[in-house]
Structure formats: C-alpha cells, structure tokens
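Report on one structure; see the data block that follows.
Coordinate-derived values only; no laboratory data. Just so it is clear, the structure is predicted and the values come from calculations on it, not from any experiment. Cβ coordinates were reconstructed from backbone atoms using ideal geometry, including for glycine residues, and neighbour counts include every protein chain displayed.
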Amino acid sequence: AKHDVYDHINTLGEKLRSGITDILADRAPQYTVVGTDSMFKTIFTRDGATERGDNCEAGCRQDPNCPNFDSCPKTGADVANAETDRWERLFWQEMKDQGVFLTANQFESQFVSYAHTEEDIEETLEAYAEAL
C-alpha cells in the first residue's frame, strides 16, 4: 500500500487489456481478452462475438447482462474449444521471439508485475499487433 503497487499493476493491466482488445477488433475480432486487475489472457476463440461495444473495452468480464455473454469463454472447456494449437505453435513463439514471454498455453493467465512499466505495456502491444 505504501508504494501503490496495486494501483500501478491494475492500471497497467487495464491499459494492456484495452490495447489488446483494440488490436483484436482489427485483426482477430472473434478472439477474446479476459481478465481483471493485473491479470490478462487472450483466448483464440473460434466463435466469439465480433462486435464488442463498450461492454468489453478492457476485456471480457463474463457479465451475464452483457450482450456477448453467450460467446464469452467461461470455463476450461471453452478454452479447450479455442484455437489452442495456434496459440502454442505460432503466436506464443512469435511473441517470445519479440521478447515478450507469455505462458505457453491458453489455460493460464498472464500477469503484470510491479516491475513492468508503461513502456513495457507499449512494447507488448506492439508485439501483439505484429504477431497477430
């Protein structure tokens, strides 16, 4: 609390999810960003909603009142039905080659830490845009 760690990482997490959401809108609108606070994950959904609107601007919140709720991935089974092979074979490797080390599968979340900076978030978003 003394160093506002949670404010720092949660702000960066929201910025990252919002940026990834914008990139996906242009390059892979069926894919879904999920997460809250400092956590994030991009799921290569096959049949996801292609129109997000304001409800999902910083990632899917799995809100039952959202018009996209039916297409939001909510369980491990939903992730298993995604393009997990594409994540592991292509995307994860490309991100690693660009210096962004994500978890090797879509079943795990990624996290922003206190060591990350706004510049790190920008570099990550640039890598996402390139990799997708």
Report summary line: Charge tally for neighbours of Gln93 with beta carbon under 13 Å away, counting Lys, Arg as +1 and Asp, Glu as -1, is -2
**Report entry** For the chain: relative contact order, % (alpha-carbon pairs under 8 angstrom, 6 or more apart)
**Finding:** 28
Report task. Describe numerically, in nm with one decimal, the distance between label points set 7 Å from Cα along Cα→Cβ at Thr103 and at Asp85. Result -> 2.2
Requested in this report: Determine the gain in length on full extension of the stretch Lys96-Asp22; use 0.36 nm per residue of separation and subtract their C-alpha separation, reporting nm with one decimal.
Outcome: 24.5 nm
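With n ≥ 4 as the cut-off for DSSP H runs, can you work out [θ] at 222 nm for the chain, using -39500 (n - 2.57) per run divided by the number of residues, rounded to the nearest 500?
After summing the helix terms and dividing by the residues of the chain, the value is -11500 deg cm²/dmol.
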Query raised in the report: Which of the peptides 81-91, 13-23 is most tightly packed, and how do the rest follow, going by the mean number of other Cβ atoms within 10 Å of each residue?
Result: 13-23, 81-91
Report summary line: Here FRET efficiency (C-beta to C-beta, Gln62 to Lys2, R₀ 25 Å, nearest 0.05) is 0.15
Query raised in the report: If all Cα-Cα distances of segment 77-132 are sorted into 10 Å bins from 0 onward, what percent lands in each bin, rounded to whole numbers?
Result: 23, 51, 24, 2
Query raised in the report: Can you tell which of His3, Asn81, Thr103 lies farthest toward the positive end of the dipole of the chain, using +1 and -1 charges on the Cβ of basic and acidic side chains (Lys, Arg; Asp, Glu)?
Result: Asn81
Query raised in the report: Relative to the present Cα-Cα distance, how much length would full extension add between Glu123 and Lys74 at 0.36 nm per residue of separation?
Result: 14.8 nm
